[in-house]
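Visitor: Have a look at the structure that comes next, please.
The values are calculated or read from the model by the stated rules, or taken from the named source; none is laboratory data. Please read all numbers here as calculations on a predicted model, not as lab measurements. A quick note on method: Cβ atoms are made from the backbone with ideal geometry, for glycine too, and the neighbour counts reach across all protein chains shown.
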Amino acid sequence: MQTFTGLVSVLLVFLWLGGNLVSPLRPICDLRVLDHFVREARDSEVIMRGCRGGCGAMKSYFVPLTSVDFAVLEHMDVNGQAVEVQTGLSLLDQALNNAMKTVSNSPLANALDNNISNIHSLGQILHSLDLQARSTVLPDDSAPASTQTQEVSSLPELLQVQSSFLRGKVRLLLSAAPACQRQNS
Amino acid sequence: MTKMSDRLKIVFMLCVAFVTTGGQHFESKVAQLLQDETEDIKCFVELKDLTCFWEEEEERNDLQYTFTYSYENKNKMACVVSSLSLLASNKTVFFCKLPKTPFFTTLDVQVFRDGRMLYSRSLNAENYLFLDPPRNLTVLSSGKEGQLNVSWLPPLLKYMDDSMIYEVRYAVEGSNMGKVEVIKVSTMLVLLGLQSDTRYKVWVRVKPDGVAYKGYWSAWTEPVLGVTQPSDLDPLIMVLVLFIGLILCLLSMTVILSHHKFLLKKLWPDIPTPEHKFPGLFTVYKGDFKEWMSQNNSSMWGRSVQVYTEELPSPLEVLSEVSLTSHGTSQREERKPVEEDEEKESERSDSGLTDRWREPPQAHWLMEQLRALQENPQSLSQSLLVQSHDTYVTLNQNSQGDGEREVDDVFEETLPLQTLFTTTGTTSLSTSHSDLGSLQQSSGSGRLSSQSSFEYPNQTWPPKGPGYTYMAVADSGVSMDYSPMSSSRITELGRHRMYTNDYKNEIFLHKWPLFGEHNKSGSESCMGPVW
């Protein structure tokens, strides 16, 4: 009996801690964090250009569309942008993970690993801004929406897409996040 | 149909041209990139629209250019080609402005001429931003010295205003040396460390920071003048300096006044007077020494004798003897008192002796004496009466050990000296000197100083022979010429002044007759007393 109560109390403690972790994060509105991620994505491109051997096999990756039309962007609401960004981030995450399996060059592998962790951090940031979409993970076997994705055939192209996506859509979304607008105003 | 399409094309091109030339900086940007950019097809983004242009040297109207672009694996899209004539460089460019420029994606642009591909390029539009210069640049003087407040407006680009970097250049008006300050995002800057009360020119330009967007530096704005505040510390500093200077002056005056006597003594020393030794000489007798002497004779000399007892008069070396009586009387008659030109210290108590010597004697008589001396150098028994213009010495014939003096042949004025010598018990010496400038106490070595008219070496010299008195006379600045004298020379010497400073009368060495050379005109040549 005493051991049971002890276990229960321990479980309660863990639950309380878990509950605290789930509590909403403070909004991260400083774009310098994203700029840091952007620079690291650019570093991966540079390493890729200088890679000689073990730089990944030729493989097709499904990546998000990165083009931004400012005229269209002004008329798009934030939530739509958020969905677009979240989908794209998950696509990039998958593609990078697939690419890492074929990379044996250690600097490149480290850079790719860095990019993957940055994408996860971006997800947290979007969560802090209340912009995280409900369903973020696309099932692998589902056909990717053509309007939302594009296909690239090499790792350098993949890295270029990642860089463009972060600098474009992700950044515009973060700068337009309502949570940050309320802080600035 | 073709006419309609041509017309439409022309209208469209005019519209495009109107729109493009409406931008003030388009032509300048094109001109600048024409020089700087190395690509064949040059592209830049102005106001979120990508413009690509290329230069064509040949001006042929029948050339047809086709501009296509595509991105993200989409179908190619066409863009209308226009031409622009640059007035500055007299060149023609063809350009195309993408209507909806997609950013953050790779654009593939191609130029065809007459169906054949001329140029091809892949680029991301967000990397070639060419912004306009910042607007509304204002330079204001801040409240503080050496500072200027500079502010401007950011480019009119939504979503990009937080990705800008600015460069502020400032220089003194008229100077070519300028400084540059880089500032991120913020559109105002305070320039520090400037000269006060100076006119400055300020320029600003802008560029994307290179993280999310990249591009070229914009053109510099037109210079804006600003004047810094005049220095306001100068009056304060001057007041402080004056105050400190005043305090220092007061302190120095206080010090000077408290020690003024000491300082006065050092800077303006009193001329020493022997007033305290000659009581009443100046006050009562107005410097008439003779009168004073006559009044104070007994007491004075008694005292002086006591003082003088410290010195041992030296014997005089007689070089030759002559009969003194005839000359002595004549001289006595002709003698005139000579005034002292200088006074002595109490040690030289016989400074009261004033004698003036007369004109030099006959020259030939002197020559005879010289000749006699030369012929018979042993005749040191001869006492020589030396008469010169200035100085001579009369010798008393005196035997060694004979303490008595024959004062008869001596002039009256030599009495004091004789008295002095008598008391000392040494060989007497009566000397008269033209200008007894000083009686110098000789040193032990017997070297005469240049100032003395007498020298009394401390040592007692052994006489050369019995009955000879040795006399040593030193004269200041007088050279001894021991060569045989000619009459003319003697007279010459009598008239002129021979005065050399390097005379050293070594008494022990030179036992020559003392004649002729001591030409001193009165008191002029006598140098000051040696104290």
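Visitor: What residue, of A:ASP35, A:ASP93, is crowded, with 16+ Cβ neighbours inside 10 Å, within 16 Å of the chain's Cα centre (by Cα) and within 14 Å of chain B (Cβ to nearest Cβ)?
Guide: Answer to the check: A:ASP35.
Visitor: Same structure again: Scanning the range A:104-117 for residues that are surrounded by fewer than 22 Cβ atoms within 10 Å (Cβ to Cβ) and not small (Gly, Ala, Ser), which turns out nearest to the chain's Cα centre (by Cα)?
Guide: A:ILE116
Visitor: Here is a follow-up. If B:LYS184 passes every condition in (1) more than 14 Å from chain A (Cβ to nearest Cβ); (2) exposed (fewer than 11 other Cβ atoms within 10 Å of the Cβ) but one, which one does it miss?
Guide: Against the list (1) more than 14 Å from chain A (Cβ to nearest Cβ); (2) exposed (fewer than 11 other Cβ atoms within 10 Å of the Cβ), B:LYS184 comes up short only on (1).
Visitor: Okay, next question. Considering the range A:40-68 alone, what residues qualify as being aliphatic (A, V, I, L, M) and free of Cβ contacts under 8 Å to residues at least 12 places away in the same chain?
Guide: A:VAL46
Visitor: Right, something else. Could you tell me whether B:ALA212 is within 27 Å of B:GLN147 (Cα to Cα), buried (at least 17 other Cβ atoms within 10 Å of the Cβ) and over 47 Å from the mean Cα position of the chain (by Cα)?
Guide: No; evaluated as a whole, the condition is false for this residue.
Visitor: Is it fair to say A:VAL13 is at pLDDT 85 or above and more than 26 Å from B:SER70 (Cβ to Cβ)?
Guide: Taking the combined requirement at face value, the residue does not satisfy it.
Visitor: How many of the residues making up the range A:53-68 are assigned to a strand (DSSP E or B) and within 14 Å of another protein chain (Cβ to nearest Cβ)?
Guide: Going through the range A:53-68 one residue at a time, the tally reaches 5.
Visitor: Residues being within 30 Å of A:GLY168 (Cα to Cα), small (Gly, Ala, Ser) and in contact (Cβ under 8 Å) with a residue 40 or more places away in the chain: count how many of those fall in the range B:145-198.
Guide: Final tally of qualifying residues: 1.
Visitor: Pull out all pairs, ordered by first then second residue, where Cβ-Cβ is under 8 Å, the residues are six or more apart or on different chains, the first lies in the range B:68-87 and is within 10 Å of B:LEU107 (Cβ to Cβ), and the second is basic (Lys, Arg) and exposed (fewer than 15 other Cβ atoms within 10 Å of the Cβ).
Guide: That search, which allows pairs on different chains as well, returns B:TYR69/B:LYS76; B:SER70/B:LYS76.
Visitor: Still on this model: When both residues are 6+ apart or on different chains and their Cβ atoms are under 7 Å apart, which pairs have a first residue that lies in the range B:199-215 and is within 14 Å of chain A (Cβ to nearest Cβ), and a second that is of a type in the set (Gly, Ala, Ser)?
Guide: B:PRO208/B:SER163; B:PRO208/B:GLY215; B:ASP209/B:SER163; B:VAL211/B:SER163; B:ALA212/B:SER163; B:TYR213/B:SER163
Visitor: So, one more: Select from the range B:100-159 the residues that are crowded, with 17+ Cβ neighbours inside 10 Å, of a type in the set (D, E, K, R) and within 14 Å of chain A (Cβ to nearest Cβ) and list them in ascending order.
Guide: Of everything in the range B:100-159, just one residue is crowded, with 17+ Cβ neighbours inside 10 Å, of a type in the set (D, E, K, R) and within 14 Å of chain A (Cβ to nearest Cβ), namely B:GLU126.
Visitor: Scanning the range A:39-52 for residues that are in a helix (DSSP H, G or I) and surrounded by fewer than 19 Cβ atoms within 10 Å (Cβ to Cβ), which turns out nearest to the other protein chains (Cβ to nearest Cβ)?
Guide: Per the stated criteria, the residue is A:ARG39.
Visitor: While we're on this one: Could you run through the range B:84-99 and say how many residues are away from chain A (no Cβ under 14 Å) and surrounded by fewer than 16 Cβ atoms within 10 Å (Cβ to Cβ)?
Guide: 7
Visitor: Which members of the range A:69-81 meet the condition of being touching a residue at least 40 places away in the same chain (Cβ under 8 Å) and more than 14 Å from chain B (Cβ to nearest Cβ)?
Guide: If the condition is that a residue be touching a residue at least 40 places away in the same chain (Cβ under 8 Å) and more than 14 Å from chain B (Cβ to nearest Cβ), then A:ASN79 is the only one that fits.
Visitor: Scan the range B:138-153 for residues that are over 14 Å from B:SER186 (Cβ atoms) and in a strand (DSSP E or B) and report the count.
Guide: 5
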